[in-house]
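In what follows, a single structure is set out as structure tokens and then discussed.
The values are calculated or read from the model by the stated rules, or taken from the named source; none is laboratory data. Owing to the predicted nature of the structure, the values given are computational and were not obtained by experimental measurement. When we count neighbours, we look across all protein chains shown, and the Cβ atoms used for this are built from the backbone with ideal geometry, even at glycine. Calculation scope for accessible area: heavy atoms of the full protein, side chains included, ligands and nucleic acids excluded. Shrake-Rupley method; radii C 1.70, N 1.55, O 1.52, S 1.80 Å.
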Amino acid sequence: MSAAYKEDEEDWLTVCLKYLLFVFNFLFWVGGAAVLGVGVWTMVEKSNYLSLLASSTFAVSAYILILAGSLVVVTGFLGCCAVIREQRSCLSMYFFLLLLIFLIELVAGVLAYVYYQRLSDELKEHLNQTMTENYAQQGKETITAAVDRLQQDFKCCGSNNSQDWMLSVYIRSEESGNRVVPDSCCKTITPDCGRRDHPSNIYKVEGGCITKLEQFLADHLLVIGAVGIGVACLQICGMVFTCCLHRRIRMDPY
């Protein structure tokens, strides 16, 4: 094999690797946007429900995705510069940033999966206590708003059923105004509508709010885990392409 042919072959391989990295960067940005979008949407749109959870694992997973998605923007720009300039130092930095984001997203995915496994037990142990002891209490405005939104959004009443409210600190106090359930249990909210717990007036959902919230959180945890692990697997391709291009540049005597 002639030296000229070998040099042409090496140049062709280098060009192919550069184009592959460009394609990867585009997919990387798309994946990063998905990661960032899922994290931000979870925290902005559904943050009210987080105060009803005993642990912060759900929120931590979302924050990790936001961090990872933000790093993607910087890393993608660096990757394009590294490919264009063909500098080994830039490629090395790009590789290590990919590795860092890979580990961050993997942690988010694993946290989401682990929390998914114990979500049901946590809700059964803590949701009823949180609702009955903290609803409409001084200094617990966040929880009160979260419970009201939960019952209206999911059309449910009480953690397991409407009878759970009979043990509520609020319902047993004078402030309740003889209500048997909070007004947010009502199908149509009107002043003092919580005084009547007939099925025609309030939501009577089998399984109560626990079942509804559990399904909601489980679906979102699956999305968080799938997006985090999916983009992390995509980055493996990027790291392989980066290593190959780094090696080709290093082999170039010029």
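Filtering the stretch 104-138 to residues that are under 11 Å from Leu52 (Cβ atoms), touching a helix residue (DSSP H, G or I) at 6+ places or on another chain (Cβ under 9 Å) and in a helix (DSSP H, G or I) leaves Glu122, Leu123, His126, Leu127, Asn128, Thr130, Met131, Asn134. Does at least one position in the stretch 35-54 carry a residue that is open to solvent by 30 Å² or more (accessible area, probe 1.4 Å), assigned by the TED database to the domain that holds Phe102, touching a helix residue (DSSP H, G or I) at 6+ places or on another chain (Cβ under 8 Å) and more than 26 Å from Gln152 (Cβ to Cβ)? Yes: the stretch 35-54 contains one or more residues that are open to solvent by 30 Å² or more (accessible area, probe 1.4 Å), assigned by the TED database to the domain that holds Phe102, touching a helix residue (DSSP H, G or I) at 6+ places or on another chain (Cβ under 8 Å) and more than 26 Å from Gln152 (Cβ to Cβ).
From the list Thr142, Thr132, the lone residue that is touching a Phe, Trp or Tyr at 6+ places or on another chain (Cβ under 8 Å) and either open to solvent by less than 70 Å² (accessible area, probe 1.4 Å) or in contact (Cβ under 8 Å) with a residue 60 or more places away in the chain (or both) is Thr132.
For first residues located in the stretch 199-213 and small (Gly, Ala, Ser), partners that are assigned to a loop (DSSP other than H, G, I, E, B) and lie 6+ apart or on another chain with Cβ distances below 7 Å form the pairs Gly208/Cys156; Gly208/Gly158; Gly208/Ser159; Gly208/Asn160; Gly208/Asn161.
Among the residues of the stretch 62-85, none qualifies, meaning not one is touching a Ser or Thr at 6+ places or on another chain (Cβ under 8 Å) and not in a helix (DSSP H, G or I).
Scanning the stretch 88-102 for residues that are in contact (Cβ under 8 Å) with a residue 60 or more places away in the chain and surrounded by fewer than 16 Cβ atoms within 10 Å (Cβ to Cβ) yields Arg88, Ser92, Leu99. Looking at (1) open to solvent by less than 10 Å² (accessible area, probe 1.4 Å); (2) of a type outside the set (Asp, Glu); (3) in a helix (DSSP H, G or I), find the lone condition where Gly158 falls short. The failed condition is (3). Taken residue by residue, the stretch 217-229 has at least one member that is acidic (Asp, Glu), open to solvent by 50 Å² or more (accessible area, probe 1.4 Å) and under 30 Å from Val60 (Cβ atoms).
The single condition among (1) of a type in the set (Gly, Ala, Ser); (2) open to solvent by less than 50 Å² (accessible area, probe 1.4 Å); (3) modelled with pLDDT of 75 or more that Gly76 does not meet is (3). If the condition is being within 35 Å of the chain's Cα centre (by Cα) and among the basic types (Lys, Arg), then the stretch 160-208 contributes Lys187, Lys204.
Go through the stretch 171-210 and report how many residues are part of a loop (DSSP other than H, G, I, E, B), open to solvent by 30 Å² or more (accessible area, probe 1.4 Å) and under 15 Å from Thr132 (Cα atoms). Adding up the residues that qualify gives 4. Evaluating Tyr113 against the criteria (1) more than 19 Å from Leu217 (Cβ to Cβ); (2) open to solvent by 40 Å² or more (accessible area, probe 1.4 Å) leaves one unmet condition, (1).
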